[in-house]
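One structure below.
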Amino acid sequence: MTDDLIRRGLSRRGLLQTTAGLIGGSMLPAMPAFAEDKPIGSYPAGVSGSTAFIGISVPRTGTYAVQGEDELKGYQLAIEHINSGHDLIKKISPKTSKGVLGKELKFGVADSAAKPNEAVQAQQRFISENKAIMITGGTSSAVAVALNKLAQREHVLFVCGISGSNDTTGKDCVRYGFRQNFFGQTAAAAIGPVMVREFGKGKKAAYLTPDYTYGHTVTKSMQDFLATAGWTTVTNQVAPLGAPDYSSYLLNVANSGADVLINVNWGHDAVLSTQQAKQFGVLDKMKLVVPYQVPFIARETGGLMQGVYAATDYWWTIEDKFPLAKMFNEAFEKKYGYKPEWGAENAYVSFAHWARMCEQAGSFNPPDVIKAYEKGETIPSLVGDVHYRPEDHQCVRPVIIVKGKQQKDMKNKEDWYDVVEIVKGEGLMQKPDAFGCHPGDYS
Amino acid sequence: MISWPNLVSQLFNGLALGALLALISSGLTIIYGTLGVLNLAHGAMFMIGGYAGFVAYQYTESFVLAVIAGSLFVMLLGVLMERVIIRHFYHRPHEDQLLVTFGLGICFVELVRLIFSSQSQLVPPPALFQGITNLGFMFYPTYRLAVVGIVAIALGALFIILYRTRLGMIVRAGIEDSVMVDSLGINVYRVFMVVFGIGAMAAGFAGIVNAPVVSLTPGIGDDILVQTFVVVVIGGVGSFPGAILGGLIAGEIISVTSMFNPGYAYVMLFAAMTLVLVVRPHGLLGVQGRE
C-alpha cells in the first residue's frame, strides 16, 4: 500500500500525515468514514468542522444582473431549506435532516458580472480561503465553461447554474461538473416542432445572436433543426454581450425579408433588442420567437411577449401538475414576494440534488459524490422525475413550451404565459457524446 | 445583404446615434476644456438623468416634465458634486481626478441599483412621436427621428450659450487661460461651478431623451462613457465643434460597420480613434498646444 501511495505521488510529509490519520482512524472507530479518505481538492479540510462552505458567483451587475439575482434567491432558499430540513428538501433529498451530512451550509456570494475571469477569481478565492466544498455559478455559459475547468483542476464539485450552451456538458464537460438545465440543442428540439406547426415549412428566419458560446450553440441548434423543415437563415446578426443599442442589427433584420425573428439574446440584451424590434416595426412585419426564454422578459418588455412562443425550464403555473412546484412557489413567494422564475428554480433544484447525492454517498468526498450522480438514478425535481446521465453529467429533464398571454387573459399581474406543452426530456436529447464530451479523471 | 435602402437607413441610424453621442460628449468636453477635469462619472450622470426623468414621469405622466426634471436634477447634482468634491481636485494630479470621478460614478450606479433594482424601467415616448414614419426609402421609428431634432436644438442652445453670451465668452477664455481670466477680476471658480452644471445637464438631458429608445438600467452609462471618450478624442479634447464632428463620425462608423459585420463595429471605432491620434494627436478640431 505504501508503494502504491508513493507511486501516486504522495509526499513524505503527506505519507506521514496519512499514516497518522489511518492509525488515528483505527483507534477511533466512531469517526465518520470520510476521515480515512485521501485528501482531494478542499476535502476533507472544508468539512472538518461543523460547517460546509459553498462558493456562489452570480452576475449582480451587467446585462444578466436581473436573472443573476433571481438565481441567487433560489440558492439562498435551497440553503435555508437544507439547513432547516424543510419538507420540500426532504421530498428531493429524503436523508437530509439539518444541513448536509449534519454539516450546516455556509456560503459566500461574488458578483461575476457574467465575466468568466471574475467568476474564476472569486471561486478560486472561495476554494483557497474558505475551503469551498462545492462551487456554483453561471447565468452565462462562458462563466460555466470557465468554472468547469477550474472545478476539474481544483477537484472541487461545480454544480452549474444557468447555462444553455451545448458546450457546457458537451465539448467542455468535466468529471467535476453537473448541469441541471438543458442544452440549447434540447430547447431547439422542443420548440422547433411547435414553430413548424405554427408557422409552416420553408420559412425564412432572421437571428439575433449574442456573441459567445451560448448564443452560437443555440443559434446553430435552431438552424440545424429548422433546416429539416426547409427553413433558411436570411440573416444572423451577431451582437456583443451587453450591446448598448440594437438599432443597426435590427435595420439589417428589417431589410432581410424574414418571416420570423428568432431572438437568441438573453438577459437585458433580450429585453432591449425585443423592445427595439418593436420600435423599428420589425415585430409588425415578422413573428418573434425566443427559443430560450429569458426570466422576467415578459414584464420588462411591458407585454411584447404576447403571443410569442418560448422554451423554458420552468413556469410557475405548472404547479397545478407538479406538487413540488407548488410547494416551491409558495415558499419562494412567501420569502421574496414574487413568483419564482426559472433561474431560481434551476438554482434551488441544483442544490437540492447535490445535497441528495452527498447524503447518498455518505460523504463529501468528491469522487464518491460524483459516483452517486453517475448512478443515473431517477430522482425528483420540481418538474417531475429526472436523472443525470453518467456520460456527460447532464440532467435529462422536460422542456416547457410557453406562449405569451394576451393582457385581457391574464388572471393576475404575474400570469404572463400559457403552458402549451411539457415535452419529455428523453425524446429531445442528443446522444451524450454528440458534442464531444470527454470528462476528465476522478482524481 | 447590402442594398442602397439598407445603406441609407444605416447612414441615417448613424446620424441618430451620432447626434446623441455628440450631445453627451459636448458636456464632457466642456468640463474638461474649462476645468481640466476628465469626469469619469459622466456616464453615470447620463444614467441618472434617465432615472430622474423616469421618476418624474411616474408622477406626472408628462414626457416634457420628465425631460425638464431629469436635466435639472443632474445639473443640480453636477453643481453639488463640483462644490463638495471636484473643486478640491483642481490642483491635484490628473490621476486623482480620474480616480475620484470614477469612484463617484460607481457610487451613483450602485445607489440607483439599490433604489430601483437591476430590472429595466420603461419611459414611453410622447404620444406625438410614437409609431413608425415612412421616409420613402425606409421606415424609421418616429421618436428616433424626433431625437435627432431635439438633440440638434439642444446643441444649438449650447452653441449659443458658448459663443453668443458673456458666460460663454468667459468659459472659452477660461479654456485658453484661466489665470488671465481670474486676474481680470472674474470669479473663475463660480464660472467653473456653472460650467460643471451645464456639462452635467447635457448628459442628464441626453439620458432622459434617450430613455424611450433603450430602456433604463443602472449600467446604461458604462458603454456610453467609453464611446463618449472616443468621440472626444476624435473630435479634439476641449473642442465643442469637435465633439459634434466626433459624435457624428463615431455614430456613422458604428452603424455602417454593423451593416457589414456587427462584431467589428467597436474595432473600427477604436481603429478610427487610433488613426486620428497618429495623424492629428490633438484631435480633428482640437487646438494644438492647448494646456
Whole Å is fine, so just give me how far the alpha carbon centre of the range A:89-117 lies from that of the range A:397-443.
24 Å
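Specify whether the C-alpha gyration tensor of the range B:116-156 places it in the rounded, prolate or oblate class, a ≥ b ≥ c being the square roots of the eigenvalues: rounded for a/c under 1.5, otherwise prolate if a/b is larger than b/c and oblate if not. Could you put the intermediate results ahead of the total?
Numbers: a/c = 2.57, a/b = 1.43, b/c = 1.81.
Verdict is oblate for the range B:116-156.
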Given Cβ point charges of +1 (Lys, Arg) and -1 (Asp, Glu) and nothing else, what value in debye, to the nearest 20, does the dipole of chain B about its Cα centre take?
360 debye
Using the crude model of +1 on Lys and Arg Cβ and -1 on Asp and Glu Cβ, and no other charge, please compute the dipole size for the protein assembly as shown relative to its Cα centre, in debye to 20.
120 debye
How do A:His438, A:His353 stack up against each other in accessible area, from largest to smallest, with a 1.4 angstrom probe?
A:His438, A:His353
With no solvent and one point per C-alpha, what does the Debye sum give as log10 I(q)/I(0) for the range A:366-443 at q = 0.19, 0.24 Å⁻¹?
-0.87, -1.13
log10 of Debye I(q)/I(0), alpha-carbon scatterers only, for chain B at 0.12, 0.14 Å⁻¹:
-0.76, -1.03
Leaving ligands, DNA and RNA out of it, rank B:Leu80, B:Leu122 by accessible area with a 1.4 Å probe, largest first.
B:Leu80, B:Leu122
Measure of exposure for A:Arg356: accessible area at 1.4 Å probe, Å² rounded to 10, is 30 Å²
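What value does the range B:197-291 have for Rg/Rh, both radii from Cα atoms and Rh as Kirkwood defines it? Walk me through the intermediate numbers first.
Details: Rg = 14.2 Å, Rh = 14.2 Å.
Expressed as Rg/Rh, it is 1.00.
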Are there cysteines in the protein assembly as shown with no second cysteine's Cβ under 4.7 Å away, and if so, which?
A:Cys160, A:Cys358, A:Cys395, B:Cys107
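Normalized C-alpha radius of gyration of the range A:281-374, against 2.2 N^0.38 Å? Walk me through the intermediate numbers first.
Values: Rg = 18.0 Å, N = 94, 2.2 N^0.38 = 12.4 Å.
Scaled against compact globular proteins, the figure is 1.46.
Among the DSSP beta bridges whose two residues both lie in the protein assembly as shown, what percent are antiparallel, rounded to the nearest 5?
Working: 21 of 58 bridges.
Of those bridges, close to 35 percent are antiparallel.
Counting helices only, and only those DSSP H runs with n ≥ 4, report the 222 nm mean residue ellipticity of chain B as the sum of -39,500 (n - 2.57) divided by its residues, in deg cm²/dmol to the nearest 500. Display every interim value, and only then the final one.
Numbers: 10 runs with 216 residues, N = 291.
So the calculated ellipticity at 222 nm is -26000 deg cm²/dmol.
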Cα principal axis extents for the range B:1-131, largest first, Å:
53, 39, 25
At 222 nm, what helix-only mean residue ellipticity would chain A give, in deg cm²/dmol to the nearest 500, using -39500 (n - 2.57) for each DSSP H run of four or more?
-12500 deg cm²/dmol
Considering only protein heavy atoms, with the full assembly of protein chains and a 1.4 angstrom probe, order A:Cys395, B:Cys107 by accessible area, largest first.
B:Cys107, A:Cys395
Rg from C-alpha atoms of the range B:32-97, normalised by the globular rule of thumb 2.2 N^0.38 Å, equals 1.33
Taking a label point 7 Å from the Cα of B:Arg190 along the Cα→Cβ vector, which residues of the range B:87-109 have an amide N closer than 18 Å to it?
B:87
Using the structure shown, list the pairs from A:Lys287/A:Lys405; A:Lys73/A:Lys405; A:Lys73/A:Lys326; A:Lys335/A:Lys411; A:Lys204/A:Lys424 with a Cα-Cα distance above 20 Å, or answer none.
A:Lys73/A:Lys405; A:Lys335/A:Lys411; A:Lys204/A:Lys424
Taking square-rooted eigenvalues a ≥ b ≥ c of the alpha carbon gyration tensor, is the range B:105-201 rounded, prolate or oblate, where a/c under 1.5 means rounded and, failing that, a/b exceeding b/c means prolate?
oblate
In the range A:259-343, the trypsin sites (Lys or Arg not before Pro) that sit in a DSSP loop and have at most 16 other Cβ atoms within 10 Å of their own Cβ are A:Lys321
Based only on the alpha carbon positions, what is the Kirkwood hydrodynamic radius of the range B:148-241, in angstrom?
15.0 Å
With N set to the residue count of chain A, report its C-alpha Rg divided by 2.2 N^0.38 Å to two decimal places.
1.01
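Gain in length, B:Met180 to B:Leu11, computed as 0.36 nm per residue apart minus the alpha-carbon separation, to one decimal in nm? Display every interim value, and only then the final one.
Values: separation 169, 0.36 × 169 = 60.84 nm, distance 4.41 nm.
Difference between extended and current length: 56.4 nm.
The values are calculated or read from the model by the stated rules, or taken from the named source; none is laboratory data. In this text, all values refer to a predicted model and were calculated from it rather than measured experimentally. Here the Cβ is made from the backbone with ideal geometry for all residues, glycine too, and neighbour counts use every protein chain on show. Accessible surface is based on the protein model in full, side chains and every heavy atom, while ligands, DNA and RNA are left aside. Shrake-Rupley method; radii C 1.70, N 1.55, O 1.52, S 1.80 Å.
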